[in-house]
Amino acid sequence: MTTRTTRLVLAGAALLAIPVAGWAGSGNGGSDDDAGNGDQTRIETGMGMMMGGGWGRDDDDDATGRRAGGMGMMNGGGLGDRDGTCLEDAVVEGDATDADAASLATMADEERMARDLYVELADAWDLSTFDRIAGAEDRHLDAVLGLIEAYGLDDPTDGAEAGVYADADIQAMYDELLAQGSASVTAALGVGALVEETDIADLRAQDVDSDAVATVYAHLEHASEHHLTAFVRALDASGATYEASVLDPAEVEDITGVPAP
């Protein structure tokens, strides 16, 4: 049986679609024959993906100065954060369900909103934390768009203008948070923490059918925990406190290591 596969490689912020012939095996231990439909897409991660790039290669955003490596960071690296975590191979098979398609469109807008917001706040306050995390959000958006492309879905961000969103709730959130974050440095850091809290909660709330989508979402949730830590620790270092309003305060304390007020 002839199969068609595509390996999606993230190099920096660029997504490259590379046809692969004769690929056997998948992230769950299966093979091309297991799919039954002769069509698979592999979002490849791990060691030795590509020289000079990888998802999260610049994600040193936990405000601690820690720059860890780990699996996937050798020989150019994979889709791993600077904390050394690495995404398992995610294999897309068949068509997206309606639930998965809707979820991916929503999460693409949320990741884009976070990136756009952090870019604006970085410009407003000249804080490297916002620059670094905005870059991370851009790579996370690329990951979601990689799934959208793999499933043959329409790109909801195509032609989109920064700060403009089709979803009214996301637009309202962006407008309100930008106004709040423009008031002071402390307010901006609090806005960043709130965005990451919300992102974690929203990722957990997604009811998806595909293992590939669930795998990517798990990585995004993990990354958001690091971003939340960066913002909360920056507030703590400045003598300010952050009061969790989306997640349980005890969980935020556990994630960030900063005692809840």
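Annotation: of all residues in region 204-216 being open to solvent by less than 10 Å² (accessible area, probe 1.4 Å) and in contact with a helix residue (DSSP H, G or I) (Cβ under 6 Å, 6 or more places away or on another chain), the one that is farthest from ALA143 (Cα to Cα) is VAL213. The residue list GLU196, GLU253 contains one member that is surrounded by 15 or more Cβ atoms within 10 Å (Cβ to Cβ), assigned to a helix (DSSP H, G or I) and touching a Ser or Thr at 6+ places or on another chain (Cβ under 7 Å), which is GLU196. In this structure, does SER224 turn out to be closer than 22 Å to ALA134 by Cα and among the polar types (S, T, N, Q)? Taking the combined requirement at face value, the residue satisfies it.
Among residues of region 228-243 being touching a residue at least 60 places away in the same chain (Cβ under 8 Å) and out of contact with any Phe, Trp or Tyr (no Cβ under 9 Å at 6 or more places or on another chain), the one that is nearest to LEU203 (Cα to Cα) is THR229. Taken over region 90-127, the criterion of being among the aliphatic types (A, V, I, L, M), open to solvent by 50 Å² or more (accessible area, probe 1.4 Å) and touching a residue at least 40 places away in the same chain (Cβ under 8 Å) is satisfied by VAL119, ALA124.
Results for (1) open to solvent by 60 Å² or more (accessible area, probe 1.4 Å); (2) in a helix (DSSP H, G or I); (3) modelled with pLDDT of 95 or more; (4) over 11 Å from ALA193 (Cβ atoms), shown as yes or no for each residue.
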position	(1), (2), (3), (4)
LEU220	no, yes, yes, yes
HIS227	no, yes, yes, no
ARG233	yes, yes, yes, no
ASP236	yes, yes, yes, no
ALA244	no, no, yes, no
VAL258	no, no, yes, no
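Tell me yes or no: at least one residue of region 167-181 is open to solvent by less than 40 Å² (accessible area, probe 1.4 Å), of a type in the set (D, E, K, R), touching a residue at least 40 places away in the same chain (Cβ under 8 Å) and closer than 18 Å to ARG112 by Cα. The answer is no; no qualifying residue exists.
Within region 147-181, which residues are closer than 30 Å to VAL91 by Cβ and of a type in the set (Val, Ile, Thr)? Hits for region 147-181 are ILE148, THR157, ILE170.
So, of the residues in region 155-166 that are of a type in the set (D, E, K, R) and under 19 Å from the mean Cα position of the chain (by Cα), which turns out to be surrounded by the fewest Cβ atoms within 10 Å (Cβ to Cβ)? If we take residues in region 155-166 being of a type in the set (D, E, K, R) and under 19 Å from the mean Cα position of the chain (by Cα), then ASP158 is surrounded by the fewest Cβ atoms within 10 Å (Cβ to Cβ).
The values are calculated or read from the model by the stated rules, or taken from the named source; none is laboratory data. Because the structure is a prediction, the values reported are computed rather than measured. Note that we place each Cβ from the backbone using ideal geometry, even for glycine, and neighbour counts take in every protein chain shown. Side chains are part of the model used for accessible areas, which takes the heavy atoms of the whole protein and leaves out ligands, DNA and RNA. Shrake-Rupley method; radii C 1.70, N 1.55, O 1.52, S 1.80 Å.
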